[in-house]
Amino acid sequence: MRVLTRKAKAGGNPVRSNMLRDITLGQYYQTESVIHKMDPRVKLGGTLLFIISLFFFKNYAGYVIAALFLGMVIRLSKVPFRFMVKGMKTIVMLMMITVVFNLFLTQGTPLFTIWKLAISMAIRLTLLIIGSSVMTLTTTPNNLTDGMEKMMGPLKIFKVPVHEVAMMMSIALRFIPILLEETDKIMKAQIARGADFESGNIFKRAKAMVPLLVPLFISAFRRANDLAMAMEARCYRGGEGRTKMKPLIYHKRDYIAYGCIAAYMVISIVVGRLPFLP
């Protein structure tokens, strides 16, 4: 997982390169804040509860409370808000498709109600994605793996390979920025050879992206093979009998965070379901 501490170098196709660098999922923003120091279990549980709460609201007052709570968390994390927002650029098309599907496939006859549902869906997606980004931007891959493994610990009773599942999820998040950087390098190399990824309609631009797939897949498989060989060379045999160099321990700030999350859940769901509010 790439740590963001410096600006990316300019060069190549600025439009496409900037679009790739705008994807913030799976990246870690290094700074000193109370959110960064929290136990990863608190952040994982809080993110999950925050996402669940978004589906209980029946009025806009609930979304206002959720936005205020999320804004407070972002402020405490010391991650620039513009960095959070720029990650939304890459999913604008997905949000538009979701809103259109919600408009035409949701039951109901009044036009105002349909538009209200579409706007609610767009707000919900925005809060959901930004809230999830806060967790990945403030949690290192190792802590994220340890937190997921601890939280899924009870599933071991049902013979679920908890350690392996957590490891796979962590590796997947770690590879996102790596593959994006590799894609950017391949595009710059092909642009230097005369490739054009910007002109033409959407179908021509999609067709122009096809030559990227072969070298990108080769690079991904090569990295996966190198990672497997490195784990094998270090005698990795899964999580059975493994110890932690830095075991997770709750501190006072973590208990305070749990209390704040519980208060948010109660207030937001109660207010968000009041029938007389807009």
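The values are calculated or read from the model by the stated rules, or taken from the named source; none is laboratory data. Owing to the predicted nature of the structure, the values given are computational and were not obtained by experimental measurement. Cβ placement follows ideal geometry from the backbone for every residue including glycine, while neighbour counts extend to all protein chains displayed. Ligands, DNA and RNA are stripped out before the accessible areas are found, and what is left, the full protein with its side chains, is counted by its heavy atoms. Shrake-Rupley method; radii C 1.70, N 1.55, O 1.52, S 1.80 Å.
The residues in segment 210-262 that are aromatic (Phe, Trp, Tyr) and in contact (Cβ under 8 Å) with a residue 40 or more places away in the chain can be counted, and the count is 2.
Taking the criterion of being at pLDDT below 90, surrounded by 16 or more Cβ atoms within 10 Å (Cβ to Cβ) and of a type in the set (Phe, Trp, Tyr), the residues of segment 25-59 that qualify are TYR28, TYR29, PHE57. Being exposed (fewer than 12 other Cβ atoms within 10 Å of the Cβ) and within 27 Å of the chain's Cα centre (by Cα) is the filter here; which residues of segment 231-251 pass it? Within segment 231-251, GLY238, LYS244, MET245, LYS246, PRO247, ILE249 qualify. Please go through segment 190-223 and pick out each residue that is open to solvent by less than 60 Å² (accessible area, probe 1.4 Å), closer than 23 Å to GLN27 by Cβ and out of contact with any helix residue (DSSP H, G or I) (no Cβ under 8 Å at 6 or more places or on another chain). Within segment 190-223, just MET209 meets the criteria.
If the requirement is being in contact with a strand residue (DSSP E or B) (Cβ under 7 Å, 6 or more places away or on another chain), surrounded by 12 or more Cβ atoms within 10 Å (Cβ to Cβ) and either under 28 Å from THR31 (Cβ atoms) or modelled with pLDDT under 90 (or both), which of these qualifies: VAL99, VAL79, VAL73? Break it down stepwise before answering.
Numbers: VAL99 fails: in contact with a strand residue (DSSP E or B) (Cβ under 7 Å, 6 or more places away or on another chain); VAL73 fails: in contact with a strand residue (DSSP E or B) (Cβ under 7 Å, 6 or more places away or on another chain).
It is VAL79.
When the residues of segment 141-160 are filtered to those that are part of a loop (DSSP other than H, G, I, E, B) and modelled with pLDDT under 85, the one that is least open to solvent (accessible area, probe 1.4 Å) is VAL160.
Against the test of being of a type in the set (Phe, Trp, Tyr), more than 24 Å from PRO141 (Cβ to Cβ) and touching a residue at least 12 places away in the same chain (Cβ under 8 Å), the options PHE203, PHE197 yield a single qualifying residue, PHE197. For the condition open to solvent by less than 80 Å² (accessible area, probe 1.4 Å) and modelled with pLDDT of 85 or more, LEU179 does not qualify.
Is it true that some residue in segment 6-24 is at pLDDT below 85, touching a strand residue (DSSP E or B) at 6+ places or on another chain (Cβ under 8 Å), in a loop (DSSP other than H, G, I, E, B) and open to solvent by less than 60 Å² (accessible area, probe 1.4 Å)? Even if it seems obvious, please write down each step before you answer.
Here is the first cut: in segment 6-24, the residues at pLDDT below 85 are 6-24.
The next check asks that each one be touching a strand residue (DSSP E or B) at 6+ places or on another chain (Cβ under 8 Å); those that pass are none.
There is no residue in segment 6-24 that is at pLDDT below 85, touching a strand residue (DSSP E or B) at 6+ places or on another chain (Cβ under 8 Å), in a loop (DSSP other than H, G, I, E, B) and open to solvent by less than 60 Å² (accessible area, probe 1.4 Å).
Could you say whether any residue in segment 169-179 is among the polar types (S, T, N, Q), closer than 30 Å to THR145 by Cα and free of Cβ contacts under 8 Å to residues at least 40 places away in the same chain? Please lay out each step first, then the result.
Step one: filter segment 169-179 for residues among the polar types (S, T, N, Q), giving 170.
Right, trim to closer than 30 Å to THR145 by Cα and you get 170.
Subsequent filtering for residues that are free of Cβ contacts under 8 Å to residues at least 40 places away in the same chain retains 170.
Yes; the residues of segment 169-179 include at least one that is among the polar types (S, T, N, Q), closer than 30 Å to THR145 by Cα and free of Cβ contacts under 8 Å to residues at least 40 places away in the same chain.
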